[in-house]
Every structure is written in structure tokens, then in C-alpha cells.
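One structure is given below, encoded as C-alpha cells.
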Amino acid sequence: EKGGYDTFMEKEIHDQPQAVADTLLGRTDESGALVLDELRISEEQLRAVDKIIVVACGTAAYAGMVAKYAIEHWARLPVEVALAHEFRYADPVVDERTLVVSISQSGETMDTLMAVKHANEMGALTVSICNTHGSTIPRESDAVLYTHAGPEIAVASTKAFLAQITAAYILGLYLAQLRGGSYAEGAQAVMRDLHEIPGKIEELLTRMDRVVEMANFMADTRSVLFLGRNVGFPVAMEGALKLKELAYIHAEGFAAGELKHGPIALIDAGQPVFVIVPAPDTPHELHKKVVSNIQEIRARGARTLVIAHDGDEDVVPFASEVIRIPQCPPLLAPLLAVVPLQVFALHLSTAKGLDVDQPRNLAKSVTVE
Ligand code: M6R
């Protein structure tokens, strides 16, 4: 059942091209327009939406943070991302024009379920992005958009994360199409780009030898930092979470722009720092800004483990290691950039002799508050 792999997590990492492909399947008609019949919320109600709040926990919340950048850009709707347990007991501003999108692999996370119930009580429209048919959260929601990642067994989420980003992107593109704004036409082009992602993940998975070697060398490491910007910021958070869960190593993700507001004080000789570099064509010269962050931390002795697109030569002078990912449009890069971080955490856990699929103190679905 592990498909020839040693652990479920390794299998699930390799399932990712399929998880993305299956989640994309059947979402467009012959003309390439998005169709989300399964959503069961009228177009009129969706057109009236004036704000989105994503509620989720852990990795699912990071998928929401990635989606925020894309949905705001495409659909021109404000998107907030709330940790479900914080949302429920805050005093969120929600009404019938608010679309509350929950994201959950299991569909049973109690914190997320309570947030959805709270949103329902306040009259919001609720949509669940979920991987488990017949689970509680979709049942409690007005509508559901299933991710088709297949069963995820390992406690550490991998393929569900990619499928969640994919589904949230589909929702964002659908809203863009529905609202008919300046991006409505771009939606079909993005769908075409998304369809190329599974092949690129496939290719990326063949390049992981050096990442495995790095993990094996680093079994004694006590702290690892992760930096990213824009959609790379939640990828940094996710990379850090994987390492905490799987290898019990202190790990933190930062927005690269925050460095000089505090975290750069953590950098001393030999400190490993993964940096997720934006695609070179990311707007607002973010690529250049992150490259200069690499330069700054390198000058202070950091070991810079740089994740950069094929052909990006600007990072080379400042990188201790360069991990290459295939080229893709800037907003789709998280679907690739997170993969080496998953592989790194998996192999560091293995190198330390830990239980990859069942890390200490954790459960696959957290059904208590
Ligand atoms: O089943 P859910 O997606 O609602 O679970 C949410 C989190 O508990 C989950 O993503 C958790 O953070 C994972 N262990 C991360 O690898």
C-alpha cells in the first residue's frame, strides 16, 4: 500500500503530480471556461460576495495564505486568512456578503468545523475545500469543492497542500470569470499553466539527490530558518512546519522583507537558511530584493540554501547550495518550491532515525479543540 516506498509520506510526495492533475480535472468546458456546477451556490449570490475569509489550521492555513495573493490579484476581492481557532473566538466582521472558505484535508478538524459553524450562524456563505468525501466540514458548509489528492495517511501533509492550493486557485479564477473584471480573460491562460504543473513536479522529483544528501549531512542541525516573499512567504512557513513536525528541529519561516526588522539578528556563522527565490519576472522587482537578502545574510555567515528557478543565475554568487525548480509563472511557483522542502524534512527525519509517518505528539486529524 506504500506503493514500493519506505513510508507513506514518500509515496504521497510522489503522488503530487497526480493530486494536482486530478484536482484540475473536469473544471473547464470545451471553450476553456471554468465550470463549477458542484459548488451549488447561485452565480447571483457569488457575484454579491464582497469579501473572502479563509479559515484553516496548519498546512491548510498556509495553502490559504498562498491563495490570498492569487485570489486578490485575479478576482479583485479582499481575502483574509484566519487561523480557525482564532477566528471563532475573535469578533470577526462577517455578513451574508462574506464568503468563508474553509480548507481541510480531513474535513474533521474541530477548530475548523467550529469556525464554519460560527460563520453559518453569522449568515455567511460557506464553501469547504476538502479532501475527504462525506466528512463533517463539507456537510456543515453551503458548498464544497473537493480536492482529489486521494487518501493522505502520513501525519505530515504534502499532497493535500498542493491540491488545496490548486482548488483555491480554481475558485479564485472562477470568481474572476464570474465578476468579469480585467482578469476574466486571463483565467483560461492560468488554467493552461496549471495543467503544466504536474509534469514539472514530476521532473523536479527526479532532481532531489542533492537535497537528500544535504538532509543526511544536516542530521545534527539544531535550527533552520526559511525566508520567502509574496507567495514564497507561506512556502517558507510550510517548510519550517514540516521540519518541526518531522525532525523536531527548531525552524522558523519569515517574510524576507522582515529580516531587517529583527530576524537578521539570528544570523551567525553557519546558520542554515533556506531562501525561496521568487520567479525572476515577479512584479515589483521582488526577485532582486530577495537576491539582496541572500547577499546580506551570506555576508553575516549564513549557509544559504537557495531554491531558485532554472536559468536564474543571479543567485549563484551568494548561494551555498542552489536547488533548481522548473520555470513557471510567479503565482504558481509554490506548487514547485515546496517540494524540495518536503523532501528535505522527510530525509532529515529518516537520518535522525525518527518515525516519518507518525511523528511524536501528533495526530492525523485533530478532532478536539
Ligand atoms: O485535516 P486538516 O487539513 O484540517 O488539518 C489541518 C492541520 O492539522 C494539518 O495541516 C497539520 O498542520 C499537518 N500535520 C501539517 O503537516
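Quick rundown of the values:
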| quantity | calculated |
| --- | --- |
| Hits in the stretch 61-85 - residues which are near the ligand (Cβ under 9 Å from one of its atoms), open to solvent by less than 10 Å² (accessible area, probe 1.4 Å) and in contact with a helix residue (DSSP H, G or I) (Cβ under 7 Å, 6 or more places away or on another chain) | ALA63, ALA84 |
| Which numbered condition LYS289 misses (of (1) in contact (Cβ under 8 Å) with a residue 60 or more places away in the chain; (2) surrounded by 18 or more Cβ atoms within 10 Å (Cβ to Cβ); (3) among the charged types (D, E, K, R)) | (2) |
| Subset of the stretch 101-116 (residues that are more than 9 Å from the ligand (Cβ to nearest atom), part of a helix (DSSP H, G or I) and of a type in the set (Val, Ile, Thr)) | VAL116 |
| ILE137 vs. criteria open to solvent by less than 10 Å² (accessible area, probe 1.4 Å), part of a strand (DSSP E or B) and near the ligand (Cβ under 9 Å from one of its atoms) | no |
| Every residue from the stretch 147-186 that is outside any loop (DSSP other than H, G, I, E, B), within 13 Å of the chain's Cα centre (by Cα) and among the hydroxyl-bearing types (Ser, Thr, Tyr) | THR166, TYR169 |
| Residue among ARG210, ARG192 that is outside any loop (DSSP other than H, G, I, E, B) and over 30 Å from ILE267 (Cα atoms) | ARG192 |
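The values are calculated or read from the model by the stated rules, or taken from the named source; none is laboratory data. This structure is a prediction, so every number in the text was calculated from the model and none was measured. Here Cβ is always computed from backbone atoms with ideal geometry, including for glycine, and neighbour counts include all displayed protein chains. The protein model used for the area step is the full one, side chains on, heavy atoms only, and it has no ligands, DNA or RNA in it. Shrake-Rupley method; radii C 1.70, N 1.55, O 1.52, S 1.80 Å.
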